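The values are calculated or read from the model by the stated rules, or taken from the named source; none is laboratory data. Keep in mind that this is a model prediction, so the values were computed, not measured. Backbone-built Cβ (ideal geometry, glycine too); neighbour counts: all protein chains shown.
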Amino acid sequence: MLYKLPQAAYPYELLIEENARRRGSAAMEFELIDTGIFDGDKYFDIEIEYAKADGDDVGAYGWQGEAFSSVPRAALIFDRNRVNAIDPAHDA
């Protein structure tokens, strides 16, 4: 599954306010892409694969993921179920 994660602050308030304003009208849902957060092409592509231990098990699963940045100076490192954003220039 591919996720697009913006590198800017997530616009929760804008999404909530705009969708509340549109509720009950014929207008389409106001989505993340409508906020303009991806306009500068600063985002991470997050590819995640999920797996279960067996087909009947609803509780135990694992995942692995890869992250790719649309800008060269930013990077993500996956550590089990935690994601840390880092700047590789400080890692040298």
Task: Among residues of segment 23-47, those that are outside any loop (DSSP other than H, G, I, E, B) and within 12 Å of Lys4 (Cβ to Cβ), counted - done: 7
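Quick check on this structure: which one of Ala53, Ala27, Ala9 is within 23 Å of Val71 (Cβ to Cβ) and either at pLDDT 90 or above or exposed (fewer than 13 other Cβ atoms within 10 Å of the Cβ) (or both)? Don't jump to the end; show me each part of the working.
Values: Ala53 fails: within 23 Å of Val71 (Cβ to Cβ); Ala27 fails: within 23 Å of Val71 (Cβ to Cβ).
Among Ala53, Ala27, Ala9, only Ala9 is within 23 Å of Val71 (Cβ to Cβ) and either at pLDDT 90 or above or exposed (fewer than 13 other Cβ atoms within 10 Å of the Cβ) (or both).
Being surrounded by 11 or more Cβ atoms within 10 Å (Cβ to Cβ) and in contact with a Gly (Cβ under 8 Å, 6 or more places away or on another chain) is the filter here, so list the residues in segment 30-50 that pass it.
So the first thing to find is which residues in segment 30-50 are surrounded by 11 or more Cβ atoms within 10 Å (Cβ to Cβ), and the list is 30, 32-38, 40, 42-48.
Matches in segment 30-50: Ile46, Glu47, Ile48.
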- [ ] State yes or no: is Ala20 at pLDDT 85 or above, over 20 Å from Met1 (Cα atoms) and surrounded by 10 or more Cβ atoms within 10 Å (Cβ to Cβ)?
- [x] yes
